[in-house]
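The values are calculated or read from the model by the stated rules, or taken from the named source; none is laboratory data. Not measured: the values here are computed from a predicted model. Every residue, glycine among them, receives a Cβ derived from its backbone with ideal geometry; neighbour counts consider all protein chains shown. We work out accessible area using only protein heavy atoms, side chains counted, and drop any ligands, DNA or RNA first. Shrake-Rupley method; radii C 1.70, N 1.55, O 1.52, S 1.80 Å.
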Amino acid sequence: MTTFFMAETSTSTTSSNIGSSSPIVKLAQDHLFTILLLLPIDSLISFARTCKRFRSLTGSDTLWESICRREWGSTSVDALKSSINTKNNQQLPWMRLYKQVSQLDSVSCHKLSDQDSELMLPTPRASHCLNFVSDCLVLFGGGCEGGRDLDDTWVAYIGNDFQRMLKWQKVNSGIPNGRFGHTCIVIGDYLVLFGGINDRGMRQNDTWVGKVVLSENLGITLSWRLLDVRSIAPPPRGAHAACCIDKSTMVIHGGIGLCGLRMGDTWILELSENFCSGTWRELVTHPSPPARSGHTLTCIEGTGIVLFGGRGSGYDALHDVWLLQVSEDELKWKQILYNLQDIPAGVSLPRVGHSATLILGGRLLIYGGEDSQRRRKDDFWVLDVSKIPSHKAQSPLNSRGLQANNMWRMLKAKGYKPYRRSFHRACADHSGCRLYVFGGMVDGLLQPAEAYGLRFDGELFLVKLELETEMQRRNRYLGHEFILSLVLHISAMTFFGAGSSGPLSRCPDVKYNHPFQNPTRVVLTRYGSFPITDHVCRHV
């Protein structure tokens, strides 16, 4: 993506022009668009460098919207368009948005719940499930104080107002029975829940299907029913990982089974068309990820299923990455190898009880968790799966796995600062730009009621990708200009004097260069140039 940045910011174009006899010059613009949409990004940028006409063509936001649909999916693009208000249906700056997503370096956090509110709120909990389905957040189960399990289901309608304090509604209790460490995934408009552990330590292997229904007055109902899977099912477990790989398939891996043993098996559930029944089968491949619990599985369309982290059989937190993808018409696990030197010094990547959520651009946003010493984390990481080479391009000499470079990037977090946490849950909305995080284990005060200084959390907060539209960019510039003009006015009054005979009395309009064009100089009309000093900047 460095090439992309350099091409966009370059101030010159290739002087040579394509000959008028070249067939590509004679193609109609819509035909060129069709060809450009088939090219990878690097080839598209190379095409833009050939002449001014092609540079203008490849800078079209109409073209880049189609590219974003190709790379991000229509669901994400449509959700992004509906969530960003533009005047007069103005075209979004898709080329700039694509670049920002590719070079994402920060997120912002916003608190969405108030424990002192009079609204009814879910009990603080951990190892629950949280999903975004039918424009709603759905929360079920989990563990709470005293090692007790919870059997309640809560729903909060999001709609288009994604940054307001949410109103939770308790819609069900008792079905399914209480549990924690279970998994729940979204397939279409359905929820599919599997396994978990109850407060008596019993592992479960039942499968449930849930469906959310919204009425016209925003009344919400949710129904759960036990799925018929006949006689074959995975062994009972909890603290496993799960995800879906298409519109009718669920995959689970690992977890803690009977007698507290960690597992390393992979199972696949094929659901019927009407979600009334399903069939489980075990996937046996070699190699495969070692036994673990508290890890994550995330499906990335066109790439496969990414497994990360967890706690191994030796109780150590893990940092290995595995990819489950179709190879020779079969699902196979392949380890993704990377250099730990890519990780900043002093930063610990191994973790368990984290979240790994698919975000806009087909990348994973990994948040929180805890290390082998149960020290909780509050860091955000992007795992860029586009850096993973194709198994077809892999050298046969490297049989250990696929070698990936520069696939980890640590993000800055702005705004509200939540507690460090583990065994929370997170999910993204349809745009992939906003994540909702609820609950988990957080650091507590060392009191008799809080063993090991831990406590359960009941906070809900929003994590937003830091993207900027053209309108927001202009408003930010205007804000900078207003502040600078105010500072310059005060500074100039001090420098020239405020009397009626001072120079400013004859120069009411103070003009200066754009702060991002020339940030070290300010031009005062008729009176020369004056630098913005550190003293002046401290007043901004």
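Data overview
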read-out: Virtual spin-label span in nm between HIS110 and MET202, 7 Å along Cα→Cβ; value: 4.4 nm
read-out: Rounded to the nearest 10 Å², the accessible area of HIS295 at probe 1.4 Å; value: 10 Å²
read-out: Normalised convex hull volume, the stretch 97-205, alpha-carbon set, Å³ per residue; value: 157 Å³
read-out: The stretch 225-377: translational diffusion in µm²/s, Stokes-Einstein, Kirkwood Rh over Cα pairs, 4 °C, 1.567 mPa s; value: 79 µm²/s
read-out: Peptide ranges 97-106, 427-436, 37-46 listed from the most packed, as the mean C-beta count within 10 angstrom indicates; value: 427-436, 97-106, 37-46
read-out: The stretch 251-325: chymotrypsin sites (Phe, Trp or Tyr not before Pro) in DSSP coil with no more than 14 other Cβ atoms inside 10 Å; value: TYR315
read-out: Tail beyond 17 Å, pair distance distribution of the stretch 232-271 (Cα, percent); value: 29 percent
read-out: Inverse of mean 1/r across different Cα pairs in the stretch 204-269, Kirkwood, Å; value: 13.9 Å
read-out: Cα-based Rg and Dmax for the stretch 272-352, where Dmax is the largest Cα-Cα distance (Å); value: 15.5, 51
read-out: Karplus 3J(HN,Hα) series, Hz, for the stretch 256-261 with 6.51 cos²θ - 1.76 cosθ + 1.60 (x for Gly, Pro); value: 9, x, 4, 6, x, 7
read-out: Cα-based radius of gyration of the stretch 42-148 once divided by 2.2 N^0.38 Å, which approximates compact folds; value: 1.64
read-out: Nonlocal amide H pairs with GLU459, under 5 Å, H built at 1.01 Å; value: GLY439
read-out: Percent of Cα pairs exceeding the 16 Å cut-off, where the set is the stretch 150-212; value: 54 percent
read-out: Ranked by how many other beta carbons lie within 10 Å on average, peptides 344-352, 75-83, 24-32, 140-148 from highest; value: 140-148, 75-83, 344-352, 24-32
read-out: Long-range HN-HN contacts of GLY310 with modeled amide H, under 5 Å; value: LEU318, ARG351, VAL352, GLY353
read-out: Residue order for ILE185, ILE35 - accessible surface, 1.4 angstrom probe, largest first; value: ILE35, ILE185
read-out: Inter-part distance where the stretch 34-82 and the stretch 230-276 are each reduced to a Cα centre, Å; value: 39 Å
read-out: Debye log10 I(q)/I(0) for the stretch 131-272, one point scatterer per Cα, at q = 0.11, 0.20 Å⁻¹; value: -0.42, -1.24
